[in-house]
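Structure first, then comments.
The values are calculated or read from the model by the stated rules, or taken from the named source; none is laboratory data. Nothing here was measured: the structure is a model prediction, and the numbers come from that model. In this analysis, Cβ positions are derived from the backbone assuming ideal geometry, glycine residues included, and neighbour counts consider all displayed protein chains. Note: areas computed on protein heavy atoms with side chains; ligands, DNA, RNA excluded. Shrake-Rupley method; radii C 1.70, N 1.55, O 1.52, S 1.80 Å.
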Amino acid sequence: MNHILVVDDQESSRYFLKVLLEENDFRVTAAGDGLEALAAARRDPPDAIVSDALMPNMDGFALCRTWMLDAALGHIPFVIYSATYTEPADARFALTLGAVRFLIKPLKPKEFLAEIETVLKERAVPGRDRAAPLDELTFHTLHESTLDRKLEAKLAQLEVTNQKLRDSERQLKQAQRLAKIGSWELNLPTNSLHWSDEVFRIFELDKTHFRASREAFLAAIHPEDRAMVISAYSRSLETRRLYEITHRLLLPGGRVKVVHEQCETFYSAEGEPLRSVGTVQDITERTRNEDQLRKLSLAVEQSPNSVVITDVDGNIEYVNDAFVATTGYPREEVIGQNPRFLQTGKTPAEAYTAMWQALHQGRSWKGELYNRRKDGSEFIEFAIIAPLRQPDGRISHYVAVKEDITEKKLVDLELDAHRHRLEELVQSRTEDLTWAREQADAANQAKSSFLANMSHEIRTPMNAIIGLTHLLQQDGLTPKQAERLEKIDDAERHLLAIINDILDLSKIEAGQMQIEDVDFLLSAVVDHVVSIVGQSAREKGLQLEVDCGSVPLWLRGDPTRLRQALLNFAGNAVKFSEKGSIALRAKMLDDSDGEMLMRFEVQDCGVGIAPEQIARLFEAFQQVDNSTTRKYGGTGLGLAITRRLAELMGGEVGADSTPGVGST
């Protein structure tokens, strides 16, 4: 077995030649430079030496000169090989030094092996001449010239290679940016992480202020996905399988991105993980689109209406579950068929003509189709059929969305019959209502006349009674007569108040109550109310409080009806309170668009009202209970009239009360 010494400073080149020669029954010794090669050859002389030209410490040319001058090695054939940018002068220099061959990289296996076999055969030929050694000066001159030339050529080649690398790197960055794919490499022993520019863009981080690290990467992962990512990566290290996962990133402001990661891990000879090299791709938009497509697919598949997709010739390519349920035909029986197999012949021919005319013109069509199910039963569909266009505008398919309206058509027929019957009933009822309205109008007119007459006929004698009573009180009277006249005066005023309440309520219900719209001084209204109830309050030891806050001095509305409403509230407050105070307040709730919303309230310290009784507090002729009627008197009309007056003035009334504490 022939022994070959391989000398090359590139590990990959040494490995290639060693494996190639050993596979072809050669014994191989490898060395990394000229000095190492001389030491190895002197320990175990080879049958031939194959050396690279350019190496550190001692290059191939210097090694060849030393080799040839060595008495123990000079007879062993020396082969020099070099890169493709070698010039003819390099080969001449090598052969002058005593080399038997000068080969050019890259070495083709078959040709290289053939050269080695030839060199070994030539060595066996007796009388092979050895080249005369060059003198020291000539060698150094040629050696330096060769090295300078090769160095210039190599630098030029390196510049070309570097430029290609820069171009490739730029193209890679562009490709990563367009595909939204970044690359990363994690050095596991040092825990150092390198990111490409696209990874920084995906993570929305400034590479000038952010240092990539495994901890920082994990911190950017959505908290809900972090444990899953750590577990998946650890499992890939344990099983030595490809790491691949889709997870979320949580960005500033709560924004979320979806990324897809994969990596491969490389291990040492001892099985220790050394580095992981992988990619991360922003698939947020793709995920969003896939979700939209999934929703659209589910919407079509689960639609209660039949959906049919055909090619441009009308052959069915897709039907959803609703089509299967409506027609009774399974999918496998209808795919590839034309929908005309459903026809009953009852759809007008003009409908199909109009449909195809619209579709061929790129427009949608809608109309009714009379079709037949698999079991022979007939049904009616309302169909909307539209063309599907590709990005280039070409029509590739037609889609039909069809609703079974058979039941609806039957219902419509029944509704038509009912509608005709209702129209007859409505006409008859309208005639009855017209007659009733005329009768009601006449009754209202009569009621208005009656109210006007009653107002005059009742109030006139009452005014006379009140006036005459007043005159009698001015004459000289005995104490008993004065007491009786005072009781008559109280009774007649109470009766007049009842009559006024009844007449007011009747006017309101008859729509005869007119609300004024005039400017008035609020203080005048409030003072009038206080002056009327003040005497009664003082007699019971009650304190009157007035608070109008920041309400404007002048308001616009009906001061008479406002005064009447406040008197009803204040009078009740005095009537039902035995101690404490009574507060009359006015507040402005809103002032916009030239209108003001006011709140008037009266608060007392009286007996209070149970919550379940408040609902009927403002109903006519209603009081809390019969005992109130007996103890306090009253008709139950005051608050009902107040509610009607508030509504006529565009407002409302209400009450809050606690039994034993008081009411507002």
Q: Quickly run through the stretch 313-352 and pick out the residues that are basic (Lys, Arg) and in contact with a strand residue (DSSP E or B) (Cβ under 7 Å, 6 or more places away or on another chain).
A: Arg331, Lys346
Q) Would you pick out the residues in the stretch 592-646 that are farther than 20 Å from Ser657 by Cα, modelled with pLDDT of 75 or more and open to solvent by 30 Å² or more (accessible area, probe 1.4 Å)? A) Ser592, Asp593, Gly594, Glu595, Met596, Leu597, Met598, Arg644
Q: Test Asp225 against the stated conditions and say whether it is open to solvent by less than 20 Å² (accessible area, probe 1.4 Å), of a type in the set (D, E, K, R) and over 17 Å from Leu186 (Cβ atoms).
A: yes
Q: Kindly list, by first and then second residue, each pair from a residue in the stretch 560-589 that is within 23 Å of Glu539 (Cβ to Cβ) to a residue that is of a type in the set (Phe, Trp, Tyr) and part of a helix (DSSP H, G or I), limited to pairs with Cβ atoms under 7 Å and residues at least 6 apart or on different chains.
A: Lys575/Tyr632; Phe576/Tyr632
Q. Got at least one residue in the stretch 539-550 being under 30 Å from Gly660 (Cα atoms), open to solvent by 70 Å² or more (accessible area, probe 1.4 Å) and part of a helix (DSSP H, G or I)?
A. yes
Q. Just one of Pro273, Pro304, Pro348 is within 40 Å of the chain's Cα centre (by Cα) and not polar (S, T, N, Q); which is it?
A. Pro304
Q) When only residues in the stretch 561-582 that are among the small types (Gly, Ala, Ser) and open to solvent by 20 Å² or more (accessible area, probe 1.4 Å) count, which is nearest to Gln514 (Cα to Cα)? A) Gly571
Q.
For the stretch 474-485, give me the residue count where each residue is in a helix (DSSP H, G or I) and surrounded by 13 or more Cβ atoms within 10 Å (Cβ to Cβ).
A. 4
Q | When residues of the stretch 135-151 are limited to those that are of a type outside the set (S, T, N, Q) and open to solvent by less than 60 Å² (accessible area, probe 1.4 Å), the one modelled with the lowest pLDDT | A | Lys150
Q: Being touching a residue at least 40 places away in the same chain (Cβ under 8 Å) and over 23 Å from Thr118 (Cα atoms) narrows it down to one of Ala39, Ala62, so name that one.
A: Ala62
Q) Do we find that Phe78 is at pLDDT 90 or above, over 60 Å from the mean Cα position of the chain (by Cα) and open to solvent by 30 Å² or more (accessible area, probe 1.4 Å) in this structure? A) no
Q: Just need a number here: residues in the stretch 1-37 that are open to solvent by less than 10 Å² (accessible area, probe 1.4 Å) and among the aliphatic types (A, V, I, L, M).
A: 8
Q | Residue list for the stretch 296-338, restricted to those being touching a Leu at 6+ places or on another chain (Cβ under 9 Å) and closer than 16 Å to Asp404 by Cβ | A | Thr327, Tyr329
Q: Given the conditions (1) touching a residue at least 60 places away in the same chain (Cβ under 8 Å); (2) surrounded by 15 or more Cβ atoms within 10 Å (Cβ to Cβ), report the number of the one that Glu198 does not fulfil.
A: (1)
**Q.** the stretch 559-587, residues that are assigned to a strand (DSSP E or B), more than 15 Å from Val525 (Cβ to Cβ) and among the aliphatic types (A, V, I, L, M)
**A.** Ile582, Ala583
Q. Among the candidates Thr239, Thr190, Thr208, which residue alone is exposed (fewer than 12 other Cβ atoms within 10 Å of the Cβ), polar (S, T, N, Q) and modelled with pLDDT under 85?
A. Thr208
Q. What number of residues within the stretch 373-398 satisfy the criterion of being touching a residue at least 24 places away in the same chain (Cβ under 8 Å), within 18 Å of Gly314 (Cβ to Cβ) and either open to solvent by 80 Å² or more (accessible area, probe 1.4 Å) or not small (Gly, Ala, Ser) (or both)?
A. 8
Q: Go through the stretch 81-109 and give me each residue that's among the polar types (S, T, N, Q), in a loop (DSSP other than H, G, I, E, B) and either free of Cβ contacts under 8 Å to residues at least 12 places away in the same chain or open to solvent by less than 50 Å² (accessible area, probe 1.4 Å) (or both).
A: Thr86
